Amino acid sequence: MKIPDQIKKLYRKVGGKWGVLFIAAFMFLVPVRCDGPHRGRIIDEATGQPLAGVLIVASWSYMIPDVGGGSSRCLDAAEALTDEKGDFEIPARHAALLRPLGSMTAEFYKIGYKRLAIGTWNAFRTGEVLSKVVKWEGNRVIIPLQTIAKDKLNTTDGWPPSISCGRSNGKPLEHYNTVREEFQQVLNQLHNHRYRR
């Protein structure tokens, strides 16, 4: 096996095998960022009742620095559905040493409700609008979703989430794809009903 020239140069630069051992030991001492787990409950804004079957899609990104400042790439995604009590959990994600974990974005969606998208989980605590809308029970956020009229379903607020990273640990997001198909069926039914009159 031929060792590339760049690795040979790095090996010489860091002081041979002792330098490599020092760097390897240092890498294990550097704290690796962990995000999550994130827990919450989704409720109907008007009634305060828990909402079962709400889709939560979260994605994490990392930055690739370049001359123009850098570009973001999807690292991983996760999905969850609320249970009959409206509860959900987004499992923790850990950064890889060579791929630092960026911020998590998340979307909360159920057909018939206005989609909620957040840029970071901290927006629930510090966001100017969101921090006034949600409540906290310990480390669990209580998120109210607003209903949306049927004639508004085919608007940005009524659409299901759309993420560029549709995989979690290499597997397709099942609930995400199912909800998108169900949404299309509802739109088709509304369209057919409108034109039968």
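The values are calculated or read from the model by the stated rules, or taken from the named source; none is laboratory data. Everything numeric here is computed off the predicted structure, so don't read it as measured data. Here the Cβ positions follow ideal geometry from the backbone for every residue, glycine too, while neighbour counts run over all protein chains shown.
A single member of Glu79, Glu84, Glu89 is surrounded by fewer than 20 Cβ atoms within 10 Å (Cβ to Cβ), in contact (Cβ under 8 Å) with a residue 24 or more places away in the chain and either within 16 Å of the chain's Cα centre (by Cα) or part of a strand (DSSP E or B) (or both), and it is Glu89. Kindly indicate whether any position in the stretch 113-122 is at pLDDT 85 or above and of a type in the set (D, E, K, R). Among the residues of the stretch 113-122, at least one is at pLDDT 85 or above and of a type in the set (D, E, K, R), which makes the answer yes. Number of residues in the stretch 124-133 that are surrounded by fewer than 19 Cβ atoms within 10 Å (Cβ to Cβ) and either under 16 Å from Arg41 (Cα atoms) or of a type in the set (D, E, K, R) (or both): the value is 6. Count of the stretch 49-63 residues, restricted to those that are more than 19 Å from the chain's Cα centre (by Cα) and not in a loop (DSSP other than H, G, I, E, B), is 1.
Just a yes or no: is a residue in the stretch 99-121 within 14 Å of His38 (Cβ to Cβ), of a type in the set (Phe, Trp, Tyr) and under 14 Å from the mean Cα position of the chain (by Cα)? Yes: the stretch 99-121 contains one or more residues that are within 14 Å of His38 (Cβ to Cβ), of a type in the set (Phe, Trp, Tyr) and under 14 Å from the mean Cα position of the chain (by Cα).
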